[in-house]
Structure formats: structure tokens, C-alpha cells
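Asks: I'd like to ask some things about the structure below.
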Amino acid sequence: MLIEKLYVYPIKSLRAVPLDSATLTRFGFHYDRDFMILQMNDENGDKTLKNMTIAAFNQMVRFFQEVDNDKGTFKVTYEPVDGGESKSIDIPLAPDTSELEVIDIEMHKSPTKAYKMDDKYNDWLSECFGYETVLAYIGENVREVRMSSDRYKTNGINGASNGAGGWLSSVTSAASKATGLVLGSGSDKPSEIKFADCAPYLVVSSKSMDDVHSRLSDGEDFDIIKFRPNLIVSGAEQPWEEDYWAELTIGGQAKLECEHNCPRCVSINIDYNTGAQGTGEAGAMLKKLSKDRRVDPGMKWSPIFGRYTFVHPESEGQCIKVGDEVEVSRKNTDHTAFDWKGLSTLPEARRS
């Protein structure tokens, strides 16, 4: 098997940026989901911010990203679907945070600090969306992984989930609402991520797209990028082999640990050309996959596509590139079971 594609998403939920090569870090590829957009809500003078992801804000797929490492910036281009003129803005990949306001953000019961970017960027995004938004930069901050794992322990949390609110939680610049959560005991240091949902990497197999395409009428296509991968692996013998991948060795050296399945939601139904839920058969892909791809006992109502993945500690700093050989160096004998430690109700799955 080979690495077919590599991707990063500098701003969470906007279009992917393809890479020729990338360095492995425990937080993901450099610049991957370092930024996130939030919607400003004003209820009777009480302003709060809401995390924005493409599942709820489909319009986000009309924002394209392009990294310029030489300039240390990335360009975001908004292309409206109503015939309006496209417009772009350049954003620093590593902004100076010394003068930026610090805000508290909670994603999936995992709180962190972040920086509110200058009004120049917030105003530009607000004009594109048609309502007030804020661009947040995570900087040196991190979030604790809440997904349970034998190898990448989260230690769990006490208390019940608030359902979908665990995935689309409110954010304020006051004290974090998550400060009352009590971490469970455990000696292993929890894994940490940035604005990715559950793990620093998502690995998918292009062979499984044969099965996805078989669910559509002749002439219809389904873009694998809707599954929001970081690594696309080609050359598997059969669709869905990746369900059982436990460890991948890339280029004979770098090791990735595939810990959990990635459960899917309505975001895969979005028509990227219209920035809205699809109306054809591709717009019903979640339902189509739900017929036989609900294979994870921990997320029994969600179809599975891809594996949430971590870098082996000894492989940090190694470079991988498109075309590198990929070997399945360890397999599971059965499906892994997705779990959120300490949560009585599993939140709706989402990858953006």
C-alpha cells in the first residue's frame, strides 16, 4: 500500500490543503486545525460564542485554503454560490499573540485557552458569513483527548454528557464552563490535541470508496475529501480492511497507532458545490452507509469510515510523503469500540 494523499485544514471545517510531505507530531501535522471559527450570539446583551463546524454550518465548505510556507501565511478564499465575487484574505500561520485577547473554548467536554484574532480577520469572515464571527487561534494551548484508548489514555471525566452540546458547545471569554469537571485517576499522561475533534490524525483507505461508489447510480461520484482525512492510503486488497488496522508503518520506519473508528454524521451529505445538504443520492450517503456500516458497538447508530490515529512516540519528528510505502504492522482481531470515558450519553459523531 502507499500514501495517496496528505491533507491539513488550517482553519477547522474549511477546505483541505493538499501536501506533498508532512512532519509527524503528537498534535497532528503542522498547521492542522490550529484555527477555528465561532459564531457570535447575543441574547439580551449576553454575548456568547458557538463553535462552528460544517455539519451545522454547511456554507463553510465554500471557503478554500492555501498555505504559503515561504511567507508564513495561508490564504482563505470565499467563493459564494450565488454568483457573487470571490474574495480572499491572508492570515499568518503563527500569529503574534502578545496583544490578543484570551478566550476559553470547550470542545467535546475538553476545554482549552485560545486567542481571539484581530478584528481585521473577524470582520472579513463576518462579512462573508453574513453574521458576526470570531476567528480563534489555539497557539501553544492544547486540549485533552476525551476518546478512551488503551494506549492513549484520557483518564475519563465524571459527569453526564449534554448530547450534541458536547460537540457544539458555547464558548465565552469568561471562566470556562468546564472547570467543574473532575478528571479520573490514572498515572498515564493524557494525550493532547488542538482543534481536531478526537485524535490528531484521521486515516482512510481509498479502496473503501469502491463500496461507497457502488451505492450510487451510474455517473454519480462521491469525493473522499468529504470524510475529512489527513492521510489517504491506497492499495488495500478489500474495502473496509482498515476497520481492523491497529498499527501502520510508513516508509519502513514511522509508526502510526490506529486507535478508534471514526463515526460519521450528516456532514458527509453536504454538496460542496452548493454549500448545502445534497439533494441527489450522494446527499443521502449517511443513510446509505447506515444500512451496513454501523459496525462499532460503541457508536451503534453511526456508520464508520476511517480510523482515528496517533503517532507512536518514537516516530515524532519523522517526515512522511506522498508515495511512501504503507504496511499494516499490527491488526486487531475484532472491531474496536468507540467510547467516551465517564460520559453516560455518547455525543453525535462528527469529523470536521
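The values are calculated or read from the model by the stated rules, or taken from the named source; none is laboratory data. Note that the coordinates shown come from a computational prediction; the quantities given were computed from them, not determined experimentally. Methodologically, a virtual Cβ is constructed for each residue, glycine included, from the backbone with ideal geometry; neighbour enumeration extends over all protein chains shown.
Asks: What tally of residues in segment 180-198 results from selecting those that are at pLDDT below 95, on the phi < 0 side of the Ramachandran plot and either in a loop (DSSP other than H, G, I, E, B) or crowded, with 22+ Cβ neighbours inside 10 Å (or both)?
Replies: 12
Asks: Just to be sure I understand the filter: pairs with C-beta atoms under 6 Å, separated by 6 or more residues or on different chains, first member in segment 231-242 and at pLDDT 95 or above, second member exposed (fewer than 14 other Cβ atoms within 10 Å of the Cβ) and part of a helix (DSSP H, G or I). Which pairs pass?
Replies: Once the first residue is at pLDDT 95 or above and sits in segment 231-242, its partners that are exposed (fewer than 14 other Cβ atoms within 10 Å of the Cβ) and part of a helix (DSSP H, G or I) give Pro239/Asp210.
Asks: Test Asp221 against the stated conditions and say whether it is more than 29 Å from Asn51 (Cβ to Cβ), at pLDDT below 95, of a type in the set (Asp, Glu) and assigned to a loop (DSSP other than H, G, I, E, B).
Replies: Considered against the rule, which asks whether it is more than 29 Å from Asn51 (Cβ to Cβ), at pLDDT below 95, of a type in the set (Asp, Glu) and assigned to a loop (DSSP other than H, G, I, E, B), Asp221 comes out as yes.
Asks: Here is a follow-up. Looking at Tyr7 and the list (1) under 19 Å from Trp124 (Cα atoms); (2) part of a strand (DSSP E or B); (3) in contact (Cβ under 8 Å) with a residue 60 or more places away in the chain, which single condition is not satisfied?
Replies: The single condition Tyr7 does not satisfy is (1).
Asks: If you don't mind, there's one more thing I want to ask. Taking segment 224-242, which residues are within 24 Å of Tyr9 (Cα to Cα) and not in a loop (DSSP other than H, G, I, E, B)?
Replies: Result: Ile224, Ile225, Lys226, Phe227, Leu231, Ile232, Val233, Ser234, Glu242.
Asks: Look through Thr73, Thr77, Thr53 and report the one residue that is in contact with an Asp or Glu (Cβ under 6 Å, 6 or more places away or on another chain) and modelled with pLDDT of 95 or more.
Replies: Thr73
Asks: Cβ-Cβ below 7 Å, separation at least six or inter-chain, first residue in segment 254-280 and closer than 30 Å to Asp339 by Cα, second among the basic types (Lys, Arg) and part of a loop (DSSP other than H, G, I, E, B): which pairs?
Replies: As it stands, the answer is Glu257/Arg151; Glu259/Arg151; Cys262/Arg351; Cys265/Arg350; Ser267/Arg350, since those pairs meet every condition given.
Asks: Given the conditions (1) surrounded by fewer than 23 Cβ atoms within 10 Å (Cβ to Cβ); (2) assigned to a loop (DSSP other than H, G, I, E, B), report the number of the one that Ser13 does not fulfil.
Replies: (1)
Asks: Let me ask something else about it. Testing Pro18 on (1) part of a strand (DSSP E or B); (2) in contact (Cβ under 8 Å) with a residue 60 or more places away in the chain, one condition comes back false. Which one is that?
Replies: (2)
Asks: Follow-up. Pick out, from segment 39-136, the strands (runs of 3 or more DSSP E) lying fully within it that include 2 or more residues that are touching a strand residue (DSSP E or B) at 6+ places or on another chain (Cβ under 8 Å) and among the polar types (S, T, N, Q).
Replies: Once the strands (runs of 3 or more DSSP E) in segment 39-136 are filtered for at least 2 residues that are touching a strand residue (DSSP E or B) at 6+ places or on another chain (Cβ under 8 Å) and among the polar types (S, T, N, Q), what remains is 46-51, 73-78, 110-116.
Asks: Something else about it: From the list Ser110, Ser126, Ser98, which one is crowded, with 21+ Cβ neighbours inside 10 Å and of a type in the set (Gly, Ala, Ser)?
Replies: Ser110
Asks: Residues that are surrounded by fewer than 20 Cβ atoms within 10 Å (Cβ to Cβ) and within 26 Å of Phe222 (Cβ to Cβ): does segment 304-321 have at least one?
Replies: No, that holds for no residue.
Asks: Sticking with this one: Would you be able to tell me the number of residues in segment 279-320 that are under 11 Å from Pro263 (Cβ atoms), part of a helix (DSSP H, G or I) and polar (S, T, N, Q)?
Replies: Qualifying residue count for the region: 1.
Asks: Being more than 15 Å from Phe195 (Cβ to Cβ) and not aromatic (Phe, Trp, Tyr) narrows it down to one residue among Leu19, Leu38, Leu49; which is it?
Replies: Answer to the check: Leu19.
Asks: Something else: How many residues does segment 256-278 contain that are of a type in the set (Gly, Ala, Ser) and not in a loop (DSSP other than H, G, I, E, B)?
Replies: The total comes to 2.
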